[in-house]
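Below is one structure; the comments refer to it alone.
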Amino acid sequence: MAAAMAWLRRGVWSPVRRCGRLAAGRSYSGGGAYPNVSLTCPLPGVPKAVFAAAEAQERFETRVTVLENGLRVASQNKFGQFCTVGVLINSGSRHEAKYLSGISHFLEKLAFSSTAQFGSKDEILLTLEKHGGICDCQASRDTIMYAVSADTRGLDTVVNLLADVVLQPRLSDEEIEMTRTAIRFELEDLNMRPDPEPLLTEMIHAAAYRENTVGLNRFCPVENTAKIDRQVLHSYLRNYYTPDRMVLAGVGIEHEQLVECAKKHLLGVEPAWGTGQARDVDRSVAQYTGGIVKVEKDMSDVSLGPTPIPELTHIMIGLESCSFLEEDFIPFAVLNMMMGGGGSFSAGGPGKGMFTRLYLNVLNRHHWMYNATSYHHSYEDTGLLCIHASADPKQVREMVEIITREFILMAGTVGEVELERAKTQLKSMLMMNLESRPVIFEDVGRQVLATNTRKLPHELCTLISQVKSTDIKRVVTKMLHKKPAVAALGDLTDLPTYEHIQAALSSKDGRLPRMYRLFR
């Protein structure tokens, strides 16, 4: 900026300032005079610029082809030398009711290990390196995703590698033992880290959907690490790694080319676990139960050092919202953005959410609260809107009441300014995220996996713009009729009872029932 200002002061840009015309009388360093030519006209002697062009349909539309075996191939055009290609599978921890909990966690860690064609993970990485590629695998409650980003010229190699990784993993005893060690370490780290958000997310799901579907543990319990072996994994893979539950998604490649690669490497391939018919597929619909999960834990030593984090108690309160397939999903997304929030310390600035309700009504007014953040988890058949708050253990009761009051205030008046700000911020975040090729890939894959089609960004922006304050009030009123889900972690001496929290969320002002004690 300083350099640009210096150039302006030196008058380097003075020709542009003269009514769109270059100044007459100025001369080149060689002595010749500048021509007196308008900047809006083509320069004499300079060839006409040729710009890359694409048909509107090619530029925006997500194309989907279904192969003979039921596999869906989806692609999105995007200019550039690199592409992101991957396989998304309708499989996750929610499908483990009939199996040992933790299989998806194991499969995530075992991804891109040795296969029928590749002897080791190093061999896979070296193959990708020839095309400037990187790989990743992520398992969630309802989806597992294998992805590769690489040069588009290596597409055939990438699809061949993905097919081998997904359908022909060796799952050797040595790899499974290394995975057990990695999972044990991860679980130990999860319980020691200062940020309890992943742990609280597990707890709130367990409370909201007790022992069913998305309430099942996403992380492998310690006691199951020794029980999961190749036979258990093959039994699960036989039922859930079938072509009709898969999508091959690609961004930055030609659709016909991706379809040809899919037919070559993913059609008629016999998996390592055999071609037996899937028999025990769990098609259970999520049953919201509400409830509370409490973990008493000493949080006084989670972060030692010269500036340790103070001892905090963490509370998360949630209510059932809706699935991402319902029309109310968009109003809930706007509501979540309107609530916003974050940590008590923020760098501020435009777009940081400093005008969201949890900042204005909670963090700005109650200096002793360290965090107040809204989250919205949405699935194919249900959803959960939560608020996470943390404070000193002695102020837990007051903190819970502040959060319950915020839930009740959601059903009150929604100002036009705050609604427009929330909608603008949501559209901005959506469009900024979709600048990234891997994000577009995940969006394409997940939408096609769930609905066989894809809503385009401009369609979503139109839906966001149409949300009114009455929509917010309607979805909140419906949500407040449900039982709450509560997760509590830390020193819970002053935590109100579940019945009191439920009563507060059923009241007009969100206040907890008064408690009168003869002795303290």
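Mind checking which residues of the stretch 454-492 are surrounded by fewer than 21 Cβ atoms within 10 Å (Cβ to Cβ) and within 19 Å of the chain's Cα centre (by Cα)?
Listed by number, the residues that qualify are Lys455, Leu456, Pro457, Leu460, Cys461, Ile464.
Can you find a residue that is in the same structural domain as Ile134 (by the TED database), assigned to a loop (DSSP other than H, G, I, E, B) and free of Cβ contacts under 8 Å to residues at least 60 places away in the same chain anywhere in the stretch 161-177?
Checked against the condition, which is being in the same structural domain as Ile134 (by the TED database), assigned to a loop (DSSP other than H, G, I, E, B) and free of Cβ contacts under 8 Å to residues at least 60 places away in the same chain, the stretch 161-177 yields at least one hit.
So is Thr127 open to solvent by 10 Å² or more (accessible area, probe 1.4 Å), modelled with pLDDT of 95 or more and in contact with a His (Cβ under 8 Å, 6 or more places away or on another chain) or not?
The answer is no for Thr127.
Which one of these is in contact (Cβ under 8 Å) with a residue 60 or more places away in the chain, surrounded by fewer than 19 Cβ atoms within 10 Å (Cβ to Cβ) and of a type in the set (Ser, Thr, Tyr): Ser390, Ser436, Ser428?
Ser428
Table: residues versus (1) part of a helix (DSSP H, G or I); (2) open to solvent by 30 Å² or more (accessible area, probe 1.4 Å); (3) of a type in the set (Phe, Trp, Tyr); (4) at pLDDT 95 or above.
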| residue | (1), (2), (3), (4) |
| --- | --- |
| Pro47 | no, yes, no, no |
| Phe51 | no, yes, yes, no |
| Gly86 | no, no, no, yes |
| Leu107 | yes, no, no, yes |
| Glu123 | yes, yes, no, yes |
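Looking at (1) out of contact with any strand residue (DSSP E or B) (no Cβ under 8 Å at 6 or more places or on another chain); (2) at pLDDT 95 or above; (3) assigned to a loop (DSSP other than H, G, I, E, B), find the lone condition where Gln277 falls short.
Result: Gln277 passes all but (2).
Report every pair of residues separated by at least 6 positions or lying on different chains whose Cβ atoms are under 9 Å apart, first residue within the stretch 502-514 and within 16 Å of Thr477 (Cβ to Cβ), second surrounded by fewer than 13 Cβ atoms within 10 Å (Cβ to Cβ).
Ser506/His481; Ser507/Pro513
So which residues in the stretch 169-206 are farther than 16 Å from Pro221 by Cα and in contact with an Asp or Glu (Cβ under 9 Å, 6 or more places away or on another chain)?
Within the stretch 169-206, Pro169, Leu171, Asp173 qualify.
Any residue at all in the stretch 326-333 that's more than 20 Å from Ala391 (Cα to Cα), buried (at least 22 other Cβ atoms within 10 Å of the Cβ), modelled with pLDDT of 95 or more and not aliphatic (A, V, I, L, M)?
Taking every residue of the stretch 326-333 in turn, at least one turns out to be more than 20 Å from Ala391 (Cα to Cα), buried (at least 22 other Cβ atoms within 10 Å of the Cβ), modelled with pLDDT of 95 or more and not aliphatic (A, V, I, L, M).
Let me confirm something: among Ala422, Ala488, which residue is of a type in the set (A, V, I, L, M), under 28 Å from Gly215 (Cβ atoms) and touching a residue at least 12 places away in the same chain (Cβ under 8 Å)?
That would be Ala488, the only listed residue that is of a type in the set (A, V, I, L, M), under 28 Å from Gly215 (Cβ atoms) and touching a residue at least 12 places away in the same chain (Cβ under 8 Å).
Please return the ranges of helices (runs of 4 or more DSSP H) entirely within the stretch 387-467 where 1 or more residues are touching a Phe, Trp or Tyr at 6+ places or on another chain (Cβ under 9 Å) and within 25 Å of Ser149 (Cα to Cα).
Correct list: 437-451, 457-465.
Does Leu385 fit the bill of being closer than 20 Å to Gly343 by Cβ, aliphatic (A, V, I, L, M) and open to solvent by less than 10 Å² (accessible area, probe 1.4 Å)?
Yes, satisfied.
Restricting attention to the stretch 370-381, does a residue exist that is modelled with pLDDT under 95, touching a strand residue (DSSP E or B) at 6+ places or on another chain (Cβ under 6 Å), over 20 Å from Phe332 (Cβ atoms) and surrounded by 18 or more Cβ atoms within 10 Å (Cβ to Cβ)?
Yes, because at least one residue in the stretch 370-381 is modelled with pLDDT under 95, touching a strand residue (DSSP E or B) at 6+ places or on another chain (Cβ under 6 Å), over 20 Å from Phe332 (Cβ atoms) and surrounded by 18 or more Cβ atoms within 10 Å (Cβ to Cβ).
Residue check, Leu434 against (1) at pLDDT 95 or above; (2) within 18 Å of the chain's Cα centre (by Cα), all met but one. Which one?
Of (1) at pLDDT 95 or above; (2) within 18 Å of the chain's Cα centre (by Cα), only one is false for Leu434: (1).
Out of the residues in the stretch 399-423 meeting the condition of being over 18 Å from Leu385 (Cα atoms) and open to solvent by 80 Å² or more (accessible area, probe 1.4 Å), tell me which one is farthest from the chain's Cα centre (by Cα).
Within the stretch 399-423, the match that is farthest from the chain's Cα centre (by Cα) is Thr413.
Among the residues in the stretch 148-158, are any within 28 Å of Glu256 (Cβ to Cβ), touching a residue at least 24 places away in the same chain (Cβ under 8 Å), in the same structural domain as Ser235 (by the TED database) and in a loop (DSSP other than H, G, I, E, B)?
no
Being of a type in the set (Lys, Arg) and touching a helix residue (DSSP H, G or I) at 6+ places or on another chain (Cβ under 7 Å) narrows it down to one residue among Arg230, Arg283, Arg245, Arg238; which is it?
Among Arg230, Arg283, Arg245, Arg238, only Arg230 is of a type in the set (Lys, Arg) and touching a helix residue (DSSP H, G or I) at 6+ places or on another chain (Cβ under 7 Å).
If we keep just the residues of the stretch 53-80 that are within 23 Å of Asp151 (Cα to Cα), open to solvent by 70 Å² or more (accessible area, probe 1.4 Å) and charged (D, E, K, R), which is modelled with the lowest pLDDT?
Checked the stretch 53-80; the qualifying residue modelled with the lowest pLDDT is Glu58.
What pairs come up if the first residue lies in the stretch 268-284 and is more than 11 Å from Tyr241 (Cα to Cα) and of a type in the set (S, T, N, Q), the second is modelled with pLDDT of 90 or more and open to solvent by less than 40 Å² (accessible area, probe 1.4 Å), and their beta carbons are under 9 Å apart, counting only those six or more places apart or on different chains?
Ser284/Arg94; Ser284/His95; Ser284/Asn212; Ser284/Thr213
The values are calculated or read from the model by the stated rules, or taken from the named source; none is laboratory data. Predicted model, so just to flag it, every value in this text is computed and none were measured. Quick reminder, even Gly has a Cβ in these numbers, built from the backbone with ideal geometry, and neighbours come from all protein chains shown. Just the protein is used for accessible areas: all its heavy atoms, side chains included, with ligands, DNA and RNA removed. Shrake-Rupley method; radii C 1.70, N 1.55, O 1.52, S 1.80 Å.
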